[in-house]
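All remarks here apply to the structure that follows.
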Amino acid sequence: MAVRQIRRSSIWTNVLITFVMVLTFLNLVVVSGILVGLIQGAVDAVRTHYISDVIISTPTSKNYIENSPAVIEILKKDSRIDSFSARYLKAGTVEANYKAQVKTTDKTDMASASFAGIDPIAEDKVADISRFIVEGSFLTPLDYDQVVVGSYLLKRYMPVDSPGFSTLSSDVRPGTKIRINVGGVQREVTVKGIIKSKLDEINMRVFMVDSQFRNLVGRTDYNVNEISIKLKPGNDPVRVRDDLLVQGVGQVAKVQTFTDAEPKFIKDMIQTFAILGDIFSSIGLVVAAITIFIVIFINAITRRKFIGILKGIGISGEAIEVSYVMQSFFYAITGSIIGLLLVYAVLQPFIAAHPIDFPFSDGILVAPISSTLFRIALLIISTVIAGYVPARMIVRKNTLDSILGRN
Amino acid sequence: MIETKKLQRSFFTGNIETKVLKGIDLKVETGEFIAIMGRSGAGKSTLMYQMSLLDEPTAGEIIIDGNDTHKMTAEEKTKFRLEKLGYVFQDYALIPELTALENVVLPLLMQGVEKSKAYELSFESLSKVGLVNHLHQLPSQLSGGEQQRASIARAIAHQPNILFADEPTANLDNESSRAVMKIFTELHAAGQTIIMVTHEEPYGKMAQKIVRIDDGQIIGIEKN
């Protein structure tokens with residue numbers, strides 16, 4: 001009977017109810033998926049464009065990774081490693097428009113920055129950061145006295161005016177001369193490019209070629225500050241980390257997988273957004289349940305006479321209730337199937353290819369199949385209950401009153 | 001056989017009691033065809049609703065084929081109606097989403113009759129009422145007379161012990177009414193027990209007996 005009722009009821013009614021169920025499904029899966037994906041996008045960006053799979057960094061008690069060349073030799077021999085980028089890091093300042101300074105006591109246009117000496121080719125292979133150049137071009141190994149400046153160091157990209165955070169207010173563009181001050185050494189360099197990503201670590205740095213950085217700060221021992229390691233596909237970062245520790249790298253540096261290095265607050269944020277998503281989903285679930293309740297209630301109440309007749313001719317109340325529950329089940333299943341197709345065949349691949357441009361991350365849609373199946377089960381259960389309750393209310397009414405339309 | 005003993009039915013509006021049936025004693029033998037007649041509000045439909053177990057009497061007994069229905073639970077009554085009784089309502093009472101054939105087959109399937117057998121019995125039943133060419137039409141595609149015949153087919157498909165008909169011709173034109181009454185006559189001739197409520201004298205006279213009711217009491221039983 002449920003099948004006949006669905007087949008022979010208005011197609012627009014069926015389309016509308018199914019549409020509501022699809023929207024509910026999307027609300028359940030996509031809202032929380034986007035919320036989690038918002039953070040996951042940021043996390044993935046940190047992994048892809050900065051930390052990579054394994055990172056070797058300077059112990060807190062040291063200024064750099066001692067005996068870095070030996071560590072690098074170990075990395076070169078490991079066949080599981082696709083590429084790595086060794087970075088020299090040091091804090092300093094950048095100055096712009098310093099030639100306009102009239103008196104030595106005048107304050108110049110200055111900003112604090114983190115300087116990174118890199119092998120441009122290796123860095124780009126590991127972290128693919130050249131894609132974030134928004135003005136000018138990225139470094140090449142032969143560049144001399146040229147730097148790439150992070151966008152957060154420029155006021156036109158970072159229009160904040162805070163005592164604790166300074167930016168260059170002058171019009172710094174590719175070709176502009178700026179002055180850098182690192183480790184007590186001052187040098188005039190030319191801006192080759194400006195880099196802008198959604199990672200603070202990139203936006204607040206000034207990049208220069210590693211050989212020049214070594215000369216600048218006198219790091220003649222080739223000891224670097226961090227090494228990001230990209231593994232070949234299929235290799236387990238945990239095993240690589242453990243093997244590096246066994247080989248003694250842990251004695252001179254901190255060796256972490258991406259997950260180890262992920263800050264706790266990021267993990268907390270993912271959990272927070274997941275909870276928020278669940279709250280929104282719960283509201284969606286209640287809305288869906290109410291919708292189905294109303295639909296089935298109106299359906300049942302307008303068919304009260306026929307329900308009475310069915311009972312009158314001996315059809316049990318349970319059988320009638322089951323037919324309404326089956327209708328609800330049908331709408332929930334149909335909505336879920338269409339929703340599944342939309343999520344996994346359309347939305348997820350599309351958003352993966354065209355991430356949502358949030359201010360601090362490229363948001364993706366995170367929808368693990370196990371959690372989606374759980375949400376489908378929730379949707380079906382709530383829909384079935386929402387269909388059963390009104391059917392039961394009408395079926396319980398006195399048979400003769402239903403047949404005769406008496407209250 | 002169906003027998004009522006001191007059957008009473010009252011309706012209450014607040015504390016005000018309206019007695020519609022005031023102690024009806026009636027016996028209908030197996031194979032009999034009786035017509036319950038009376039003026040509007042006399043209690044004839046109410047009597048039929050009690051006898052057909054669609055309603056609960058306020059007092060009294062109804063015994064059908066030796067079963068004291070007063071002792072039956074609601075579930076047992078539902079099952080009893082499904083298996084032993086047949087109903088024809090004034091407004092046909094067909095399920096609008098089901099075709100004529102599906103309307104007839106539904107109670108059979110609910111009784112647990114095998115699907116192919118249920119369709120076979122339904123086909124036979126619809127043939128008996130002359131609707132073999134309308135098997136797959138929805139009620140909305142049938143005329144009033146055809147709908148009532150489909151309703152009769154549904155009521156008799158499972159060969160009920162008693163067939164109840166509540167004003168079966170009230171909504172029909174003369175030609176359709178005669179066709180319906182002809183079916184009842186044929187069913188009675190084949191041994192079917194029929195209890196029919198009608199206010200139309202000519203159709204009442206087609207029954208074996210007329211039970212006349214007024215003010216909730218039997219005022220006379222006439223043999224035709």
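Selection within the range B:53-81: residues that are aliphatic (A, V, I, L, M) and free of Cβ contacts under 8 Å to residues at least 40 places away in the same chain. The member of this set that is nearest to the other protein chains (Cβ to nearest Cβ) is B:Leu54. On the stretch given as the range A:355-370, residues that are modelled with pLDDT of 85 or more and of a type in the set (S, T, N, Q) total 1.
When the helices (runs of 4 or more DSSP H) confined to the range A:305-406 are screened for residues that are within 14 Å of chain B (Cβ to nearest Cβ), those reaching at least 2 such residues are found at A:317-341, A:399-404. Mind listing whichever residues of the range B:4-20 are among the hydrophobic types (A, V, I, L, M, F, W, C) and closer than 17 Å to B:Ile63 by Cα? The one that is among the hydrophobic types (A, V, I, L, M, F, W, C) and closer than 17 Å to B:Ile63 by Cα: B:Leu7.
Every condition in (1) more than 8 Å from chain A (Cβ to nearest Cβ); (2) of a type in the set (D, E, K, R); (3) surrounded by fewer than 23 Cβ atoms within 10 Å (Cβ to Cβ) holds for B:Arg149 except the one numbered (3).
A Cβ distance below 8 Å, combined with a sequence gap of six or more or placement on separate chains, defines the contacts here; from the range A:322-346, residues that are closer than 17 Å to A:Phe293 by Cβ reach residues that are outside any helix (DSSP H, G or I) in the pairs A:Ser323/A:Met1. Of all the numbered requirements in (1) free of Cβ contacts under 8 Å to residues at least 60 places away in the same chain; (2) closer than 27 Å to A:Pro120 by Cα; (3) of a type outside the set (Gly, Ala, Ser); (4) touching a strand residue (DSSP E or B) at 6+ places or on another chain (Cβ under 8 Å), A:Asp260 misses one, and that requirement is (4).
Before we move on, is B:Ile64 of a type in the set (Val, Ile, Thr) and within 21 Å of B:Lys223 (Cα to Cα)? Judged against the criteria, B:Ile64 is not a match. Restricting A:Ser211, A:Ser137, A:Ser228 to those that are among the hydroxyl-bearing types (Ser, Thr, Tyr), assigned by TED's automatic domain parsing to the domain that holds A:Lys76, surrounded by fewer than 19 Cβ atoms within 10 Å (Cβ to Cβ) and in contact with a strand residue (DSSP E or B) (Cβ under 6 Å, 6 or more places away or on another chain) reduces the list to A:Ser137. Number of residues in the range A:115-149 that are of a type in the set (Gly, Ala, Ser), assigned to a helix (DSSP H, G or I) and under 17 Å from A:Leu199 (Cα atoms) equals 2. Is there a residue being over 23 Å from A:Gly317 (Cα atoms) and either without any contact (Cβ under 8 Å) to a residue 12 or more places away in the chain or facing chain A (nearest Cβ under 10 Å) (or both) anywhere in the range B:18-36? Within the range B:18-36, one or more residues are over 23 Å from A:Gly317 (Cα atoms) and either without any contact (Cβ under 8 Å) to a residue 12 or more places away in the chain or facing chain A (nearest Cβ under 10 Å) (or both). Only a single item in (1) at pLDDT below 90; (2) touching a strand residue (DSSP E or B) at 6+ places or on another chain (Cβ under 9 Å) is not met by B:Leu85, and it is number (1). The numbered conditions (1) modelled with pLDDT of 90 or more; (2) loosely packed, with under 15 Cβ neighbours inside 10 Å are all true for A:Val252 except (2).
Among the conditions (1) out of contact with any Gly (no Cβ under 6 Å at 6 or more places or on another chain); (2) within 14 Å of another protein chain (Cβ to nearest Cβ), A:Ser282 misses just one, which is (2). Candidates in the range B:158-181 are the residues that are without any contact (Cβ under 8 Å) to a residue 60 or more places away in the chain and outside any helix (DSSP H, G or I); of these, the one that is nearest to the other protein chains (Cβ to nearest Cβ) is B:Gln159. Among the residues of the range B:62-97, those identified as farther than 24 Å from B:Phe33 by Cβ, surrounded by fewer than 16 Cβ atoms within 10 Å (Cβ to Cβ) and of a type outside the set (Lys, Arg) are B:Asp68, B:His70, B:Thr73, B:Ala74, B:Glu75, B:Glu76, B:Pro96. Of all residues assigned to the range B:52-69, none qualifies as being within 27 Å of B:Pro202 (Cα to Cα), among the β-branched types (Val, Ile, Thr) and not in a loop (DSSP other than H, G, I, E, B). Within the range B:101-137, the set of residues being away from chain A (no Cβ under 11 Å), over 20 Å from B:Leu187 (Cα atoms) and touching a residue at least 40 places away in the same chain (Cβ under 8 Å) comprises just one member, B:Val113.
Of the residues contained in the range A:157-172, none is found to be under 19 Å from A:Pro120 (Cα atoms) and either assigned to a strand (DSSP E or B) or in contact with an Asp or Glu (Cβ under 9 Å, 6 or more places away or on another chain) (or both). Among the residues in the range B:114-126, are any surrounded by 21 or more Cβ atoms within 10 Å (Cβ to Cβ), under 21 Å from A:Gly312 (Cβ atoms) and under 13 Å from the mean Cα position of the chain (by Cα)? So far as the range B:114-126 goes, no, none of its residues is surrounded by 21 or more Cβ atoms within 10 Å (Cβ to Cβ), under 21 Å from A:Gly312 (Cβ atoms) and under 13 Å from the mean Cα position of the chain (by Cα).
So which residues in the range B:3-41 are under 17 Å from B:Lys209 (Cβ atoms) and of a type in the set (A, V, I, L, M, F, W, C)? Result: B:Ile24, B:Leu26, B:Val28, B:Phe33, B:Ile34, B:Ala35, B:Ile36, B:Met37. With the structure loaded, tell me whether A:Val94 is buried (at least 20 other Cβ atoms within 10 Å of the Cβ) and either among the aromatic types (Phe, Trp, Tyr) or in contact with a strand residue (DSSP E or B) (Cβ under 6 Å, 6 or more places away or on another chain) (or both) or whether it fails that test. Taking the combined requirement at face value, the residue satisfies it. Checking B:Val211, B:Val180 one by one, the residue that is in contact with a Ser or Thr (Cβ under 8 Å, 6 or more places away or on another chain) and surrounded by 14 or more Cβ atoms within 10 Å (Cβ to Cβ) is B:Val180 and no other. Residue-level check: of (1) within 8 Å of chain A (Cβ to nearest Cβ); (2) not in a loop (DSSP other than H, G, I, E, B), B:Pro96 misses just (2). Quick check on this structure: which one of A:Ile292, A:Ile270 is surrounded by fewer than 21 Cβ atoms within 10 Å (Cβ to Cβ) and more than 14 Å from chain B (Cβ to nearest Cβ)? A:Ile270 is the lone residue from the list that is surrounded by fewer than 21 Cβ atoms within 10 Å (Cβ to Cβ) and more than 14 Å from chain B (Cβ to nearest Cβ). Considering A:Tyr152, A:Tyr50, A:Tyr88, A:Tyr64, the condition of being buried (at least 17 other Cβ atoms within 10 Å of the Cβ), part of a strand (DSSP E or B) and of a type in the set (Phe, Trp, Tyr) is satisfied by A:Tyr88 alone.
The values are calculated or read from the model by the stated rules, or taken from the named source; none is laboratory data. Quick caveat: nothing in here was measured; it's all calculated off a predicted structure. Glycine also receives a Cβ, built like all others from the backbone with ideal geometry; neighbour counts cover every protein chain displayed.
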